[in-house]
Amino acid sequence: SSFHSFDLELELNRCNLPFVKRGGFKFIETTHVKDVLAHLRIIANPQDAVSWHRILLLLEGVGPKSSDKILNHVLDGTESLQRLAEFPGRGVVKTEVQQLAAVLQAVSDADLQPREQIDGVVQYYLPILKRNHREDYPKRQKDLEHFSIITERYRSLDRLLSDMALEPPNTSVDGVPATDRDEEGMLTLSTIHSAKGLEWHSVFIIWAVEGRFPSLYNKEDDDLEEERRLMYVAATRAKENLFISYPINIFDRATGMVLSKPSRFLEDIPRRILKPVFLIEEDDDDGWRSRGNRSW
């Protein structure tokens, strides 16, 4: 699935490694992630006019002119969040503005961890998401749930926002498709469906854990056999090297389960072919926590 690569996209950006993605949008290019990040950027920098405009235009009854009026009031002083709460609007606009002010003030608490701040913003944002994206609301909501899980690794909001602001140096950003020449020397992130018919020197199949591959939601025999065929397709994209990895344990918020068992699709592969390698969890000094992983 497209969202399976979100963690990897952030790490590649941090390391300044260019990549192209086939199948789905890049994580930091999606509208709903940008909306949530705009709220966080205001917490970090209450004078960020671009982020203010983005979140104000999400409010019911607020258009470009109203947004300018609110923004002028908010930025005309130092206590921006307090001034937002005191905006002299009327009707639905006043109600919407006061709700936004309450949320921003609540999640700006210095004692909160980034995960708690994200959860506060997302809880407020979900009705807006449902209103603006009715057709694919569940998918976008799942993206935000995964986003929240990613932020568990951060202990600093500034570090989180810094990583999110990074862009890989390639021409496929902003919806402009990369040419074959552009992709030379890049990593390719791909859904399995988008990889059919293609081959690479080395292939990594990630999230090969029960609950993700196969999915918890595919319980019928036909569905499981289709996912088994997809695993075969993914594995046969590799010319020379094949790596299959899964997290040692990961909490799935939607089900309340801890996923830790390797995919059933690996059970019948001889261990003389699959050689295990362990990655050990460690902390660094600037707000990042790696997570244990196992590869074959």
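In the chain, the calculated helix contribution to ellipticity at 222 nm averages -13000 deg cm²/dmol per residue, counting -39,500 (n - 2.57) for every DSSP H run with n ≥ 4.
Comparing Pro46, Pro114, Leu198 along the charge dipole axis of the chain, the residue lying farthest to the positive side is Leu198, per the Cβ-charge model.
Matching the structure-derived P(r) over Cα pairs in 10 Å bins from 0, in percent against the labelled list (1) 5, 24, 31, 23, 12, 5, 1, 0; (2) 5, 18, 25, 28, 20, 4, 0; (3) 6, 25, 29, 19, 10, 6, 4, 0, 0 gives the label (1). Using a cutoff of 8 angstrom between alpha carbon atoms and counting only pairs six or more residues apart, the relative contact order for the chain works out to 20 percent. Only the Cβ atoms of Lys and Arg (+1) and of Asp and Glu (-1) were treated as charged; on that basis the dipole of the chain about its Cα centre amounts to roughly 440 debye.
Label positions at Asp221 and Asp48, each projected 7 Å from the Cα along the C-beta direction, are separated by 5.3 nm. Using the structure shown, list the pairs from Lys21/Lys275; Lys65/Lys94; Lys239/Lys261 with a Cα-Cα distance above 18 Å, or answer none. Distance filter (> 18 Å) returns Lys21/Lys275; Lys239/Lys261.
A straight line joining the Cα centroids of region 204-282 and region 132-165 runs 23 Å. For the chain, the residue among Tyr232, Leu57, Phe147 whose Cα projects farthest onto the positive side of the dipole built from Cβ charges is Tyr232. If you take the Cα centroid of region 70-98 and the Cα centroid of region 1-68, the two points sit 23 Å apart. Taking every DSSP bridge with both residues inside the chain, close to 55 percent are antiparallel.
Please work out the FRET efficiency for the pair Leu71 and Asn16, using the Cβ-Cβ distance as r and a Förster radius of 51 Å; give the result to the nearest 0.05. About 0.90, to the nearest 0.05. Relative to the longest principal axis of the Cα atoms of the chain, the long axis of helix 137-150 lies at roughly 80 degrees.
Karplus-based coupling profile of region 109-115, in residue order and whole Hz: 4, 5, 7, 7, 7, x, 4, with θ = phi - 60° in 6.51 cos²θ - 1.76 cosθ + 1.60 and x standing for Gly or Pro. Summarising the amide proton neighbourhood of Phe204: residues at separation of 5 or more, or on other chains, whose placed amide H is nearer than 5 Å comprise Phe243.
Taking the average, over residues, of other Cβ atoms within 10 Å as the packing measure, peptides 272-278, 24-30 rank 24-30, 272-278 from highest down.
None of the figures in this text is laboratory data; all of them are computed from the coordinates on show. Remember, predicted model here, so these are calculated numbers, not experimental data. Ideal geometry is used to build each Cβ from the backbone, glycine not excepted, and the neighbour counts take in all protein chains shown.
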